[in-house]
Amino acid sequence: MTMPPLDQAPSETTGLLRDLRPADRSGRSPSERFRFSPETLLAPVALATRLASQAPLTTLVELIRRVTCKLWHLSHGDPVTLQAGGPDSAGQCDAPEIARYFSTVIAIVGVIEGIICVVVFLPIATIAHNLIFQ
């Protein structure tokens, strides 16, 4: 015997008591109620990706700092530094001129990363939109 929809009055062929469990009101089976939405499933992947991309960041910044310091000393022809075998990290890279040069390089790297993010995430967003709203 089938139950009539909630907005219909019962007839002589239907049961008098309706089963008002949450699964019946929503129209979903119990297994569908416990399915995760795509956004919920994407959150751990996005978090793991973000953390994995940030882990080598300090190493990258230190590498950029050392390369920037060496390039600054080479481009300015500092004879003391060039004769000593190159700049070390014990103070020769702390000069204000080198810090400004390093800041400029980090800003340029940030702009390049931003452009890459926009270029890469536009197609990803389009694909995700097409998959969700098919």
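Each reported figure results from applying straightforward, stated rules to the coordinates on display, with no laboratory input. The structure displayed is predicted, hence computed values, not measured ones. Cβ atoms come from the backbone with ideal geometry, glycine included; neighbour counts cover every protein chain shown.
Can you give the charge dipole size of the range 37-132 about its Cα centre, rounded to the nearest 20 debye, using +1 on the beta carbon of Lys and Arg and -1 on the beta carbon of Asp and Glu? List each step's numbers first, then the result.
Details: 5 positive and 7 negative charges, 22 e Å.
Value, rounded to 20: 100 debye.
May I ask which residue of ALA55, GLN92, ASN130 lies farthest towards the positive end of the charge dipole of the range 37-132, with charges of +1 (Lys, Arg) and -1 (Asp, Glu) on Cβ and the Cα centre as origin?
Working it through, the farthest residue towards the positive pole turns out to be ASN130.
Give me Rg over Rh for the range 37-132, both radii from the alpha carbons and Rh done the Kirkwood way, two decimal places.
1.20
Could you tell me how far the Cα centroid of the range 101-126 sits from the Cα centroid of the range 34-75, in Å?
12 Å
How large is ³J(HN,Hα) for each residue in the range 100-105, as worked out from phi by the Karplus curve 6.51 cos²θ - 1.76 cosθ + 1.60 (θ = phi - 60°), to whole Hz, x for Gly and Pro?
Once θ is set to phi - 60°, the couplings for the range 100-105 become 5, 4, 4, 4, 5, 5 Hz.
If contacts are Cα pairs under 8 angstrom and at least 6 residues apart, what is the relative contact order of the range 37-132 in percent?
Normalised by residue count, the contact order of the range 37-132 is 23 percent.
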